[in-house]
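The values are calculated or read from the model by the stated rules, or taken from the named source; none is laboratory data. Bear in mind the structure is a predicted one, so any value in this text is a computation, not a measurement. We place every Cβ from the backbone using ideal geometry, glycine too, and count neighbours over all the protein chains shown.
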């Protein structure tokens, strides 16, 4: 793992639903994504849209299968004014039909040296202590990150689908960031009764490990990560779409408890031994979609780099991304 690049942008987009299961071919990130020439806006088979909002949604609907000939997007992130920041960030696209969601978020972690103690926090009763030694870029402004993608020949099942483009920085406010998004979609002439709507806006919950209300947090870059009883609460007005942008992956355990609206509770207890996870990391605790209401996330984890045979294994802390967005409706 380099000091910055944390997750390569491999996009698992177009969901093909069969018997309740979601499957999707993968897309590969390309820094040299071409920009098609397109003068038209929205008509029967062509779409071009752009936005400077932190959340930009393109909704596509048809009672018939939706045939996409070409799909392009480019995104760039800017920091307004000047800020002190780690530049730990995410950027990409989420595809959902309101039930299933497929996440294509890439980004970068904090710059640091392997083994550096970068964060310690503990709270016991009325006593608390914080040690923060994360690498900070002082008075940073302007462009800092971008992603792009080009792919073609995919089919979405009949229904309404939402492409949600989003990005942010974990230690800055949403209003401090400009996310410049450009989207091109060329549909096949075989599409029938196709409708397209766009919307902007929504609230982003982008939490790094130090923002959880926890009893204990220890982060030693790449080698040791721990959190005990970390809590975060979310009030959602519209649709809640969430995922963990990184999670423990070396050796240890991870526990998640979600308290959702109507007192619904989801739990995950996972043991991690290198590339093996017991149980697997799937399920609605890791990523999901829900309606309005109050949510509470409670998580604890231990992740460490093995002393033996751990040369290319790295411990990761938990980063969380949640969106409260209003999805466009069709009449």
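A single member of 283, 293 is within 27 Å of residue 168 (Cβ to Cβ), surrounded by fewer than 17 Cβ atoms within 10 Å (Cβ to Cβ) and at pLDDT below 95, and it is 283.
Quick one: which strands (runs of 3 or more DSSP E) sit completely within the stretch 53-160 and have at least 2 residues that are under 18 Å from residue 174 (Cβ atoms) and at pLDDT 90 or above?
Because the criterion is at least 2 residues that are under 18 Å from residue 174 (Cβ atoms) and at pLDDT 90 or above, the strands (runs of 3 or more DSSP E) in the stretch 53-160 that meet it are 55-62, 66-85, 89-96, 137-156.
Among the residues of the stretch 119-140, those identified as in contact with a strand residue (DSSP E or B) (Cβ under 9 Å, 6 or more places away or on another chain) and either over 26 Å from residue 80 (Cα atoms) or free of Cβ contacts under 8 Å to residues at least 12 places away in the same chain (or both) are 119, 120, 121, 122, 123, 124, 128, 129, 130, 131. For residue 299, the criteria (1) touching a residue at least 60 places away in the same chain (Cβ under 8 Å); (2) surrounded by fewer than 18 Cβ atoms within 10 Å (Cβ to Cβ) hold in every case but one, which is (2).
Could you name every one of the strands (runs of 3 or more DSSP E) located completely within the stretch 229-331 that has at least 1 residues being out of contact with any strand residue (DSSP E or B) (no Cβ under 8 Å at 6 or more places or on another chain)? So that I can check it myself, show each step before the final result.
Numbers: elements: 239-246, 251-259, 265-273, 276-278, 287-290, 293-304, 319-325.
Output list reads 276-278.
For the stretch 184-211, name all the residues that are in a loop (DSSP other than H, G, I, E, B) and crowded, with 20+ Cβ neighbours inside 10 Å.
Quick first cut of the stretch 184-211, residues in a loop (DSSP other than H, G, I, E, B) only: 188-194, 201-202, 208.
Scanning the stretch 184-211 gives 202, 208.
When residue 43 is tested against (1) farther than 25 Å from residue 242 by Cβ; (2) surrounded by 13 or more Cβ atoms within 10 Å (Cβ to Cβ); (3) modelled with pLDDT of 50 or more, exactly one condition is not met: (2).
For residue 79, are the conditions met, namely being in contact with a strand residue (DSSP E or B) (Cβ under 8 Å, 6 or more places away or on another chain) and closer than 24 Å to residue 327 by Cα? When the stated conditions are applied, residue 79 does not pass them.
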